[in-house]
Amino acid sequence: MLILPREELRSKIIENPKKHNAIIIGASELELLGLSSFCKESLVVTFKDIVNPDKENAPTLDKVKGCIDWGVDKEDLLVSCAAGISRSSAIAYLIECARSESPEASISVLDVRRHRPNQLILCYGSQILGKDIITPIYELYMNELENKPHDLNLKYYFMDLNTVKDKFIG
């Protein structure tokens, strides 16, 4: 499974049409037009990269479950959102968690230097899969923060993740 920003997805599927399955995530269907025609199979999902479930076009439990259910048995799977950082990394991680007995083993799909999985999507994933999938990410990013204590982006992400962990996991 690969997590890609939209432009890398576009290049990959145009170079090798009908080779890959893809979950393509965007804020609107308009921005995703035409991409699915280059995929073997695709799931196009629209929601914004926000963590407040009350905001318009926020990720929903049903959409996250739909992504997991659709992607869990797909080979050559590409997961893409605009930047390939938050929504797509969260969905890819959840699919790996659904495929595996251990969330710790699923963490390898993430690149801690690049990915910042969307916390709302992770919370929905914990509910859907019925297991704690947040703690392994929390520990991974905590270790990275110890190595890079001055990385402000990482620090802010970790603080948000810590809040989510306390609220949903305890």
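Rule-based calculations on the coordinates, nothing more; no lab input. Since this is a predicted model, take the numbers as computed values, not measurements. Glycine gets a Cβ as well: all are built from the backbone with ideal geometry, and neighbour counts include every protein chain shown.
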Legend entry - Reported label for calculated volume of the Cα convex hull per residue in Å³ given (i) 124; (ii) 108; (iii) 149: (ii)
Legend entry - Added length on full extension, which subtracts the Cα-Cα distance from 0.36 nm per residue, Glu7 to Ser36: 9.1 nm
Legend entry - Cα long-axis angle, helix 152-168 against the chain (0 to 90 degrees, to the nearest 10): 80 degrees
Inset, instruction - Calculate, for Asp151 and Ile14, the FRET efficiency according to 1/(1 + (r/R0)^6) with r their C-beta to C-beta distance and R0 35 Å; round to the nearest 0.05. - result: 0.55
Inset, instruction - Filter the GluC sites (Glu not before Pro) in segment 40-142 to those in DSSP coil with at most 14 other Cβ atoms within 10 Å of their Cβ, and list the result. - result: Glu56, Glu75, Glu101
Inset, instruction - Rounded to the nearest 10 degrees, what's the angle between the helix 119-129 long axis and the longest principal axis of the chain, both from Cα atoms, 0 to 90? - result: 80 degrees
Legend entry - Rounded, prolate or oblate (a/c below 1.5 giving rounded, otherwise prolate when a/b exceeds b/c) for segment 29-74 by Cα gyration tensor: oblate
Inset, instruction - For segment 1-87, just say rounded, prolate or oblate: build the C-alpha gyration tensor, square-root its eigenvalues into a ≥ b ≥ c, call rounded for a/c under 1.5, and beyond that prolate if a/b exceeds b/c, oblate if not. - result: prolate
Inset, instruction - Obtain the nm distance between the two label points defined at Ser108 and Met142 by a simple spin-label model: each point lies 7 Å from its Cα along the Cα-to-C-beta direction. - result: 2.3 nm
Legend entry - Euclidean distance between Cα centres, segment 35-94 to segment 99-119, Å: 15 Å
Legend entry - Descending semi-axes in whole angstrom, ellipsoid equivalent of segment 96-154, from the Cα gyration tensor: 22, 12, 9
Inset, instruction - Taking the Cα centre of segment 1-99 as origin, work out the dipole magnitude from +1 charges on Lys and Arg Cβ and -1 charges on Asp and Glu Cβ, in debye rounded to 20. - result: 120 debye
Inset, instruction - Run the numbers on the chain and let me know its relative contact order in percent, using alpha-carbon pairs under 8 Å that are six or more apart. - result: 21 percent
Legend entry - Selection of trypsin sites (Lys or Arg not before Pro), segment 70-137, meeting DSSP coil and at most 13 other Cβ within 10 Å: Arg113, Arg114
Legend entry - Gain in span if fully extended, Asn52 to Glu75, counting 0.36 nm per residue against the direct Cα distance: 5.1 nm
Legend entry - Expected 222 nm ellipticity per residue - DSSP helices of 4 or more, -39500 (n - 2.57), all of the chain, to 500: -14500 deg cm²/dmol
Inset, instruction - Compute the long axis of helix 87-99 from its Cα atoms, compare it with the longest principal axis of the Cα atoms of the chain, and write down the angle in degrees, 0 to 90, nearest 10. - result: 90 degrees
